[in-house]
Amino acid sequence: MKAVKPQGTTWKIIGITIFASVLIAVLAGVVFRALGYYSLAPYAGIIAVTVLNVISFFYSDKIILRMHGAEEVDPHRNPELYDMVGQLSQTAGIPIPKLYIIEDDALNAFATGRDYNHSAVAVYRGLLDRLDREELRGVLAHEIAHIKNYDMLTGTLLSVGVGFLAVLADMIGRVVVREIGKDNAIVYFLGSIILFFLIPIGSLLIQMFVSRKREFAADRDGAHLAKSSDGLARALIKLEQAHIPQETNVAAAQNLYIIHPFRGGLASLFSSHPSTEDRVARLQKMVL
C-alpha cells in the first residue's frame with residue numbers, strides 16, 4: 001500500500017518540538033557563555049541525547065518487540081485475529097500493521113512504530129485466552145487508533161524535548177557546584193536549585209498530560225473504528241481487575257501498554273495512563 005503522509009497536526013507537533021529543542025540548546029549556550037564557560041563540553045550532552053533519540057526513532061519498535069520476546073503472527077495460523085486487524089486498519093484507512101503475540105498470560109497490548117508503514121501491534125496471550133471477540137476487537141481498535149493518530153511519533157518527539165530538558169538540568173547542576181564559593185554564589189545557587197528541581201518535575205508532568213490525553217483519544221477513536229464502545233469498556237474492566245503478573249514488563253514501554261502494568265497507590269498518581277474508571281465512564285457515555 002502507498003505510504004501515507006502525516007496529518008497537519010503531526011507536522012505542527014514536529015515543528016514545535018524542533019523549535020523548542022533548538023531554543024533550549026541556544027539558551028543553554030547563552031547561559032554558559034555568560035558564565036564564562038566556552039568549552040564545548042556542555043554541548044556533548046545535547047549531541048548525545050539527539051543521537052540517542054534518532055536511533056530510538058528508527059529502531060525502538062524492533063528493540064521493544066525483541067525485549068518482549070514477541071513473535072510475528074502467521075496469517076495462515078491465526079486467520080481470525082489477522083482478519084480482525086485487517087478490517088480495522090481498512091476502516092482507519094492505514095496499511096495493515098505487523099501483528100505480534102507475546103506468550104505471557106497477562107492481559108495487555110501495545111502498538112509501536114514510527115509511522116503507518118513501520119508499525120506493529122502486539123497482544124499478550126492472556127488477551128486471546130480471556131477476552132471475547134467484541135472485547136478483543138475493542139482493544140485492537142484502540143491500538144490501531146494509536147497508529148492512526150501518530151501517537152508513537154508524538155511520544156518520540158516528546159521524549160526528545162524532555163531529553164534536552166534533562167541535559168539542561170544536568171548542566172545547571174554542574175554550574176551550581178562550580179559557582180559555590182564565588183561572590184555571586186547565592187544567586188546562582190538559589191536560581192539553579194529551583195530550575196534543577198523544576199525542570200525534571202515539569203517534564204514528567206508534561207509527559208503525563210500528553211500521554212493521558214492520547215489514551216482518551218485512542219479510546220474514543222478506537223470505539224468509532226470498532227463501531228462500538230461497549231467491547232473496549234468491558235475489556236478495560238477485565239484488564240483492570242486481572243491480577244496476573246506481567247512477566248514481560250519492560251519499563252521503557254510502560255507508556256505504550258493499553259493499561260499500566262502497575263496500579264494503585266503512587267503508581268496511579270504518576271501513571272502515564274488515566275484511571276480505568278474515567279476511561280470506562282467516557283466510553284459508556286459515547287453515542288455512536
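Here are some notes:
- Tensor-based shape of the stretch 99-143 (alpha-carbon gyration tensor, a/c under 1.5 rounded, otherwise prolate or oblate): oblate
- Applying a DSSP loop filter and a limit of 15 other Cβ atoms within 10 Å to the GluC sites (Glu not before Pro) in the stretch 85-156 leaves 103.
Each reported figure results from applying straightforward, stated rules to the coordinates on display, with no laboratory input. If you're wondering where the values come from, they're calculated on a predicted model, not measured in any experiment. Cβ atoms come from the backbone with ideal geometry, glycine included; neighbour counts cover every protein chain shown.
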